Amino acid sequence: MILKVVDRAGVEHSLEALDGWRVMEVIRDWGLPIKAECGGACSCATCHVYVDPGWIELLPAKSDEEEDMLDGCFEVEHTSRLACQILMRDELDGLKVTLAPG
C-alpha cells in the first residue's frame, strides 16, 4: 500500500507502507525528516502531521493522550494528528499527510 507524504518543502513522496505499521515508522524508515523522539509512545508530539481532509473520517478518533500531546504543539489544525497513532491498513491505501513545521 502507498502512503503519500508532503515534506516541509512541499514535495510529495509516495512511500510503500506495510499493513499494521505506524505512519510515523513509514515516514522515518524512508528517511524523511520526522523526529519521532518517543518512538511511537504518544509522549512527545514530534511526529505531528496534517492529514488530508478527505481521509480524516477513515481514521479512528483521537485518544485523550493524543489530544493532550497536540495541545502542546504549535500550528495545530483541525486535521492535526500524531503519525505514531495512525496504523496503516488496507482502507488507508493512498493516505496523504503533510509534515507539520518542525
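Quick look at the numbers
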| item | result |
| --- | --- |
| Positions within the stretch 13-43 being free of Cβ contacts under 8 Å to residues at least 60 places away in the same chain and charged (D, E, K, R), in sequence order | 16, 25, 28, 29, 37 |
| Residue pairs meeting the criteria (Cβ under 7 Å; at least 6 apart or on separate chains; first crowded, with 19+ Cβ neighbours inside 10 Å and part of a helix (DSSP H, G or I), in the stretch 81-92; second at pLDDT below 95 and of a type in the set (Val, Ile, Thr)) | 83/34 |
| Among (1) closer than 20 Å to residue 7 by Cβ; (2) under 13 Å from the mean Cα position of the chain (by Cα) - the single one residue 102 does not satisfy | (2) |
| Close pairs from the stretch 44-65: first without any contact (Cβ under 8 Å) to a residue 40 or more places away in the chain, partner small (Gly, Ala, Ser), Cβ under 7 Å, at least 6 apart | 45/72; 46/36; 47/36; 47/83 |
| 2 or more residues among the aliphatic types (A, V, I, L, M) and touching a Lys or Arg at 6+ places or on another chain (Cβ under 8 Å): qualifying strands (runs of 3 or more DSSP E) within the stretch 1-76 | 2-6, 48-51 |
| Residue in the stretch 38-60 that is in contact with a helix residue (DSSP H, G or I) (Cβ under 9 Å, 6 or more places away or on another chain) and among the charged types (D, E, K, R) present | no |
| Residue match in the stretch 56-77 (condition: closer than 21 Å to residue 12 by Cα and among the small types (Gly, Ala, Ser)) | no |
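Conditions (1) surrounded by 13 or more Cβ atoms within 10 Å (Cβ to Cβ); (2) not acidic (Asp, Glu), marked per residue:
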residue	(1), (2)
5	yes, yes
27	yes, yes
41	no, yes
46	yes, yes
77	yes, no
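The values are calculated or read from the model by the stated rules, or taken from the named source; none is laboratory data. The structure displayed is predicted, hence computed values, not measured ones. Methodologically, a virtual Cβ is constructed for each residue, glycine included, from the backbone with ideal geometry; neighbour enumeration extends over all protein chains shown.
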